[in-house]
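The values are calculated or read from the model by the stated rules, or taken from the named source; none is laboratory data. Keep in mind the model is a prediction, meaning the values are calculated, not measured. A quick note on method: Cβ atoms are made from the backbone with ideal geometry, for glycine too, and the neighbour counts reach across all protein chains shown.
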Amino acid sequence: MYAYIKGVVTDRNDQQIVIENNGIGYLINCPLGISAEIGGIGDEVTVYLYQSVKEDDISLYGFNSRDQKEMFLKLITVSGIGPKVAHTICASLSAEQIAAAVMSNNVALLTGVKGLGKKTAERIILELKDKLKAQLGGSASVSTTPVALSAAGMGDTGVMQDAVGALVVLGYKDQEAADAVAGAYEDGIGLEDLIRKALKLAAGKKFS
């Protein structure tokens, strides 16, 4: 299993890139929506990887950040969502957009992804919220956790609670998520922007 690869981009097209590392070229599935953020030919880059192993195929899927890969891993736990569909979603929407859509029941945003129908979008929201509910111990609302309540003691508690939930969906512990959201919050901020700012804070603390 690969976590990431560091190397030089030697080739690319609309759906794949080739990263050379120690004289070996790795062919990685990476649509333009993702690869555009990684770098161009000749650039030294870091690409986060997921290896899909099937009876007749072994494929690598590339991501431009840990959060994007984490969202992909969450998406492939949804029934009927395989690596190709999950990768398409991640290439079309940012991790914070997907998380915000889940927390705010924004079916319309998800159905804007090519090939993603309403029923599939609704299933993604339902199943990811169920996973959040299980992780937080019984309620789909993070407001029931003591940590989240302490973080939501200022400003728009609804937006803050949804943002904490979004970070938990992305794999952060509730304390990490609550601290990051509290640090990122400012009056009038929207859910997606709050998630984006909180992710930067949380990632900086987690990997510093």
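Quick look at the numbers
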read-out: Residue within the range 114-127 that is hydroxyl-bearing (Ser, Thr, Tyr) and modelled with pLDDT of 90 or more present; value: yes
read-out: Lone unmet requirement of (1) crowded, with 17+ Cβ neighbours inside 10 Å; (2) at pLDDT below 95; (3) under 23 Å from GLU176 (Cα atoms) for TYR48; value: (2)
read-out: Of all residues making up the range 74-88, the number that are in a loop (DSSP other than H, G, I, E, B) and either surrounded by 18 or more Cβ atoms within 10 Å (Cβ to Cβ) or among the acidic types (Asp, Glu) (or both); value: 2
read-out: Some residue of the range 47-58 being more than 20 Å from LYS200 (Cα to Cα), part of a loop (DSSP other than H, G, I, E, B) and touching an Asp or Glu at 6+ places or on another chain (Cβ under 8 Å); value: no
read-out: Those residues of the range 89-131 which are closer than 17 Å to SER65 by Cβ and β-branched (Val, Ile, Thr), in sequence order; value: ILE89, ILE98
read-out: Residue satisfying all of: in the range 53-68; modelled with pLDDT of 95 or more and in contact with a helix residue (DSSP H, G or I) (Cβ under 9 Å, 6 or more places away or on another chain); farthest from ALA3 (Cα to Cα) among these; value: SER59
read-out: Residue count for the range 11-31, restricted to those that are crowded, with 19+ Cβ neighbours inside 10 Å, under 22 Å from the mean Cα position of the chain (by Cα) and not in a loop (DSSP other than H, G, I, E, B); value: 3
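A quick yes/no check of all residues on (1) without any contact (Cβ under 8 Å) to a residue 40 or more places away in the chain; (2) in the same structural domain as ARG196 (by TED's automatic domain parsing); (3) not polar (S, T, N, Q); (4) not in a strand (DSSP E or B):
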{"residue": "VAL9", "(1), (2), (3), (4)": "yes, no, yes, no"}
{"residue": "GLY33", "(1), (2), (3), (4)": "no, no, yes, yes"}
{"residue": "ILE38", "(1), (2), (3), (4)": "yes, no, yes, yes"}
{"residue": "VAL45", "(1), (2), (3), (4)": "yes, no, yes, no"}
{"residue": "PHE72", "(1), (2), (3), (4)": "yes, yes, yes, yes"}
{"residue": "CYS90", "(1), (2), (3), (4)": "no, yes, yes, yes"}
